[in-house]
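The values are calculated or read from the model by the stated rules, or taken from the named source; none is laboratory data. Nothing here was measured: the structure is a model prediction, and the numbers come from that model. Quick reminder, even Gly has a Cβ in these numbers, built from the backbone with ideal geometry, and neighbours come from all protein chains shown. Side chains included, ligands, DNA and RNA excluded: accessible areas come from the protein's heavy atoms. Shrake-Rupley method; radii C 1.70, N 1.55, O 1.52, S 1.80 Å.
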Amino acid sequence: PDKLVFPPDVQGNINGRHTLDETLLNGFQREIDRHGSSRFIGLHLMGSHWEYSTRYPKAFRKFGDLMQLDRLTLASVLVEDPEVLATLVDDYDNSILYTDWILHLIIEKARALNVPATVTYISDHGENLEALDGTAGHGGPAYTQHAFEVPAFVWVNDAYRRMHPELVRA
């Protein structure tokens, strides 16, 4: 049977969800532990949506000065101070680091399966960072290269490689 898991977000507000992507991992684990017919498991990660600092736990604050990161506010995207803009990029990079970690965990769970499995990742959009191209956000009236170029990959486990070598070669 089809299932939808949508973790509640008690901290969410007008600026988006604050529930971390790792909350999806328990439901993912339950699904891959379930035996039976083949199935599609989709996870909608929030990834690096603004506010970036709400998209990752403090343990992933590896880029930037911690004091500067703590000073970021919703209004920071409107500031033209180069130091603030650089801190926004650091904040974004921390959210990317966290998303990479989540994807790593998903891949490692798929790697351990004895049945053919693939992991496909496609971002829903790119992000403009003011410090990089003079625009901020996404979905605005002006479309930029950063908004259209999105990360994507397909990863396959060993069981999939053995069962579908022609597809892997292609």
query = Among the lysines, which have Cα under 30 Å from the Cα of LYS3 when same-chain residues fewer than 8 positions away are ignored?
reply = LYS109
remark   = Helix 82-111 sits off the longest principal axis of the Cα atoms of the chain, rounded to the nearest 10 on a 0 to 90 degree scale, by 10 degrees
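Return the calculated 222 nm mean residue ellipticity for the chain, to the nearest 500 deg cm²/dmol, obtained by summing -39500 (n - 2.57) across DSSP H runs with n ≥ 4 and dividing by the residue count.
-10500 deg cm²/dmol
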note = Expressed as a percent, the portion of alpha-carbon pairs in the chain spaced more than 30 Å apart is 28 percent
note = Going residue by residue through segment 41-49, the Karplus relation 6.51 cos²θ - 1.76 cosθ + 1.60 with θ = phi - 60° gives ³J(HN,Hα) values, rounded to whole Hz and with x marking Gly or Pro, of 10, x, 10, 9, 7, 7, x, 10, 6
key: Relative contact order, percent, the chain [alpha-carbon distance under 8 Å, six or more residues apart]   = 17 percent
Top of ASN114, ASN94, ASN157 by mean-square fluctuation, Gaussian network on the chain, Cα under 10 Å = ASN114
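Given DSSP loops and a limit of at most 13 other Cβ atoms within 10 Å, what is the longest stretch of the chain that contains no such GluC sites (Glu not before Pro)?
1-79
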task = Could you work out the longest stretch of the chain that avoids the trypsin sites (Lys or Arg not before Pro) located in DSSP loops with at most 14 other Cβ atoms within 10 Å?
result = 63-170
message = At 1.4 Å probe size, with the rest of the protein present, what percent of the exposed accessible area of the chain is carbon and sulfur atoms?
response = 57 percent
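With +1 on the Cβ of every Lys and Arg and -1 on the Cβ of every Asp and Glu, and nothing else charged, how large is the dipole of segment 12-170 about its Cα centre, in debye rounded to the nearest 20?
So the dipole magnitude of segment 12-170 works out to roughly 1040 debye.
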inquiry  = Quick check for you: with a 1.4 Å probe and neighbouring chains kept, what is the accessible area per residue of segment 23-170, in Å²?
reply    = 63 Å²
inquiry  = Positive end of the dipole of the chain, charges at C-beta (+1 Lys, Arg; -1 Asp, Glu), about the Cα centre: which of VAL77, PRO141, ILE107 has its Cα farthest in that direction?
reply    = ILE107
Spin-label pair ALA142/HIS125, simplified geometry with 7 Å Cα→Cβ offset, distance in nm = 1.6 nm
Förster-model FRET efficiency, 45 Å R0, LEU74 and ARG39, C-beta, rounded to 0.05 = 0.70
task = May I ask you to evaluate 6.51 cos²θ - 1.76 cosθ + 1.60, the Karplus curve with θ = phi - 60°, for each residue of segment 58-63 and list the ³J(HN,Hα) values in order in whole Hz, giving x for glycine and proline?
result = 4, 4, 9, 7, 9, 9
